[in-house]
1. In the list Phe308, Phe338, which residue meets the criterion of being in contact with a strand residue (DSSP E or B) (Cβ under 9 Å, 6 or more places away or on another chain) and among the aromatic types (Phe, Trp, Tyr)?
2. Is it fair to say Arg347 is modelled with pLDDT of 95 or more and out of contact with any helix residue (DSSP H, G or I) (no Cβ under 9 Å at 6 or more places or on another chain)?
3. Would you confirm whether or not the stretch 238-248 contains a residue that is touching a residue at least 24 places away in the same chain (Cβ under 8 Å) and surrounded by fewer than 17 Cβ atoms within 10 Å (Cβ to Cβ)?
4. May I ask you to list the residues in the stretch 375-395 that are farther than 24 Å from His334 by Cα and more than 31 Å from the chain's Cα centre (by Cα)?
5. Out of the residues in the stretch 121-155 that are of a type in the set (A, V, I, L, M, F, W, C) and assigned to a strand (DSSP E or B), which is nearest to Asn106 (Cα to Cα)?
6. Could you tell me whether Glu307 is more than 22 Å from the chain's Cα centre (by Cα), within 27 Å of Asp377 (Cβ to Cβ) and surrounded by fewer than 21 Cβ atoms within 10 Å (Cβ to Cβ)?
7. Spot the failing condition for Arg250; the list is (1) part of a loop (DSSP other than H, G, I, E, B); (2) more than 26 Å from His146 (Cα to Cα), and only one is missed.
8. Considering only helices (runs of 4 or more DSSP H) fully contained in the stretch 304-352, which possess at least 1 residues that are within 22 Å of Arg407 (Cβ to Cβ) and among the basic types (Lys, Arg)?
Amino acid sequence: MHALGVKDVRRRLAILADAAKYDASCASSGSTRARSGQGVGNTEGMGICHSYTPDGRCVSLLKILLTNHCVYDCQYCVNRITSDVPRASFEPEEVAGLTVEFYKRNYIEGLFLSSGVLKSPDITMERLIRVAKLLRVQHEFGGYIHLKAVPGASPELLREAGRYADRLSANLELVTTADLAQLAPEKKRADVEHAMRTIASEIDEARAARPSSRELHTEDGSVLRRAPEAYAPAGQSTQIIVGATNTSDREILHNASLLYDQHKLRRVYYSAFSPIPHADPRLPPKQPPLVREHRLYQADWLIRHYEFAAAELTAAHENLDLELDPKLAWALAHRALFPLDINRAAREELLRVPGLGVRNVDRILRMRRHRRLRLSDLKALRVPLRRAEPFLTTLDAHAPSVRLLDRADLEQRFRPRRAAQLDLFEVASSARTGEL
């Protein structure tokens, strides 16, 4: 490619990679496709994002838009039709070629591809699918592919997309119909949920067929039946924008729980609203505290892995406490349920103790089959005793826990000394929460 062509590609890549940064639903956990390399990618590079698998591996993805031209006028989106940002587009063949070249250079392990809505949802979805199909069929690419499922696209196209993509995501963005009508009038929640239902149904169908559909051979060795191809083996996800409207954390978590239950989403991603140039006056002038986004991720984790209901975490206040993690805030509001005897409490009770994560609870249950646990055992497990001790009793520590629970200033022990500390709190949307 001549120098002018390289310069043009770099210009478009810079525009479309920058435009893609607002999409937080970038993760590659859960894929079962075979990979042809073991590199974890480069820590630098235009349009490269980093995500984490459940086992802690860092994976690098080329994260770009196919185009930032869009016929929609979503007021919170920098790529809306009325925005004056520089515009650019790639052809599907160009994105496939860039992905393969980046992969060969060990910059990336996969592709995260989204797009503005170009002319119609179906036309946009067809172009996204073409990229994935070129990679899988022509380039025999075995890496990770995450595609946007464009709300409003036909079920046939969504079914085809899942044949080539590891994960699909239809972004809800605003959880109430009133917010969508006000700020994104072309976008309908019904279209988003229809896409989610189609994807969930296809995933279920593929999983149900997989165990019983093995290859059957005739005497001459020909195949009568083949195992069906995996459909979106890493599942589906969505994104919710936080702070663009006055919608409360209670409403956001309630809707997230519904999406998990009804459409079997693998993840809901929360993205703090980012002010954009020439924004609609109905939008807030400043970004909400990033710690709010983090608290929503913590609450989401409690709902998915700690058997909490969304309503429990926001029963006292419609918004999560910015200074206390939601599990600790819940425990402080329900002191009557504590302290728990570490040697007698059930698993679901121990999961509600601040500082006890799923792994440590399971270790505690295994250990107490053989002996009664003392405070030293919790120290050996590296349980954060400053948080956990007021809510537990052990074989050698009973009365101190009760006294701590009765202290009027117990809550203040856990709050930061200066509220200004919150301004320094920054956490990426894809960051993993630790032991809660």
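The values are calculated or read from the model by the stated rules, or taken from the named source; none is laboratory data. Computed from a predicted structure; not experimentally measured. Positions of Cβ are generated from backbone atoms using ideal geometry, with glycine treated the same way; all protein chains shown enter the neighbour counts.
1. Numbers: Phe308 fails: in contact with a strand residue (DSSP E or B) (Cβ under 9 Å, 6 or more places away or on another chain).
After applying the criteria, what remains is Phe338.
2. On the way: modelled with pLDDT of 95 or more: yes; out of contact with any helix residue (DSSP H, G or I) (no Cβ under 9 Å at 6 or more places or on another chain): no.
It is false that Arg347 is modelled with pLDDT of 95 or more and out of contact with any helix residue (DSSP H, G or I) (no Cβ under 9 Å at 6 or more places or on another chain).
3. Kept after step one, since they are touching a residue at least 24 places away in the same chain (Cβ under 8 Å), are these residues of the stretch 238-248: 238-245, 247-248.
With the extra rule that they be surrounded by fewer than 17 Cβ atoms within 10 Å (Cβ to Cβ), the set shrinks to 248.
Yes: the stretch 238-248 contains one or more residues that are touching a residue at least 24 places away in the same chain (Cβ under 8 Å) and surrounded by fewer than 17 Cβ atoms within 10 Å (Cβ to Cβ).
4. Restricting attention to the stretch 375-395, the residues satisfying the condition of being farther than 24 Å from His334 by Cα are 376-377, 379-382.
Of everything in the stretch 375-395, those that are farther than 24 Å from His334 by Cα and more than 31 Å from the chain's Cα centre (by Cα) turn out to be Ser376, Asp377, Lys379, Ala380.
5. The initial filter retains those residues of the stretch 121-155 that are of a type in the set (A, V, I, L, M, F, W, C), namely 123, 125, 128-129, 131-132, 134-135, 137, 141, 145, 147, 149-150, 153.
Those still in the list that are assigned to a strand (DSSP E or B) too: 145, 147.
On the way: Ile145: 16, Leu147: 21 Å.
Only one residue tops the list, namely Ile145.
6. Values: more than 22 Å from the chain's Cα centre (by Cα): no; within 27 Å of Asp377 (Cβ to Cβ): yes; surrounded by fewer than 21 Cβ atoms within 10 Å (Cβ to Cβ): yes.
For Glu307, the condition - more than 22 Å from the chain's Cα centre (by Cα), within 27 Å of Asp377 (Cβ to Cβ) and surrounded by fewer than 21 Cβ atoms within 10 Å (Cβ to Cβ) - is not met.
7. (1)
8. Values: elements: 310-313, 326-333, 347-350.
Filter on the stretch 304-352 gives 326-333.
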